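A.B. asks: Before I ask anything, let me first share the structure, which is written out below as structure tokens.
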Amino acid sequence: MTAMGAPKPKAAQVADALRADIKKMKPGDRLPSQRELAERFGFASQTIQNALAALRTEGLIISAGNLGNFVSDGAAPTSDVHDEIKEIRSQIQSLVERVAVLESRSDQSGA
């Protein structure tokens, strides 16, 4: 529980803003990429991922892995294991790419 007057967690702020956006969108519309959302809100990518995860849990959006996140048709959220595996693979791939960039920077500065 947050104290009165305390600001909302950043992920909750992002989720609230995206809920408002989603109300103006149609089922199947694509949300901005995580990178675009990070730039829009000025928060870390993990914060954006947490906000999107909350919206997926609520059934407001669905994830299509590397294709992005889309407005749901309002049906009850599904707990399809295959979709969850795709999401995990997508996140792992993103982490692999980030590690590769960091390693290349480390190699360049150490050479």
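A.B. asks: Just the residues that are of a type in the set (Gly, Ala, Ser), open to solvent by less than 50 Å² (accessible area, probe 1.4 Å) and within 20 Å of Ala12 (Cβ to Cβ), please, taken from segment 41-75.
C.D. replies: So the first thing to find is which residues in segment 41-75 are of a type in the set (Gly, Ala, Ser), and the list is 42, 44-45, 51, 53-54, 59, 63-65, 68, 72, 74-75.
Adding the requirement that they be open to solvent by less than 50 Å² (accessible area, probe 1.4 Å) leaves 45, 51, 53-54, 59, 63-65, 68, 72.
Hits for segment 41-75 are Ser45, Ala51, Ala53, Ala54, Gly59, Ser63, Ser72.
A.B. asks: Which members of segment 76-109 meet the condition of being of a type in the set (Asp, Glu) and modelled with pLDDT of 80 or more? Give the derivation first.
C.D. replies: Within segment 76-109, the first condition is being of a type in the set (Asp, Glu), and the residues that meet it are 80, 83-84, 87, 97, 103, 107.
Once the filter is applied, which keeps residues that are of a type in the set (Asp, Glu) and modelled with pLDDT of 80 or more, segment 76-109 yields Glu97, Glu103, Asp107.
A.B. asks: Tell me, please, whether a residue that is aliphatic (A, V, I, L, M), in contact with a Gly (Cβ under 9 Å, 6 or more places away or on another chain) and closer than 21 Å to Gly65 by Cβ can be found in segment 8-21. Lay out the reasoning, then the answer.
C.D. replies: Within segment 8-21, the first condition is being aliphatic (A, V, I, L, M), and the residues that meet it are 11-12, 14-15, 17-18, 20.
Among the residues that remain, those that are also in contact with a Gly (Cβ under 9 Å, 6 or more places away or on another chain) are: none.
The answer is no, given that none of the residues of segment 8-21 is aliphatic (A, V, I, L, M), in contact with a Gly (Cβ under 9 Å, 6 or more places away or on another chain) and closer than 21 Å to Gly65 by Cβ.
The values are calculated or read from the model by the stated rules, or taken from the named source; none is laboratory data. Just so it is clear, the model here is predicted, and its values are computed rather than measured. Positions of Cβ are generated from backbone atoms using ideal geometry, with glycine treated the same way; all protein chains shown enter the neighbour counts. Surface accessibility is based on the protein's heavy atoms, side chains included, excluding ligands, DNA and RNA. Shrake-Rupley method; radii C 1.70, N 1.55, O 1.52, S 1.80 Å.
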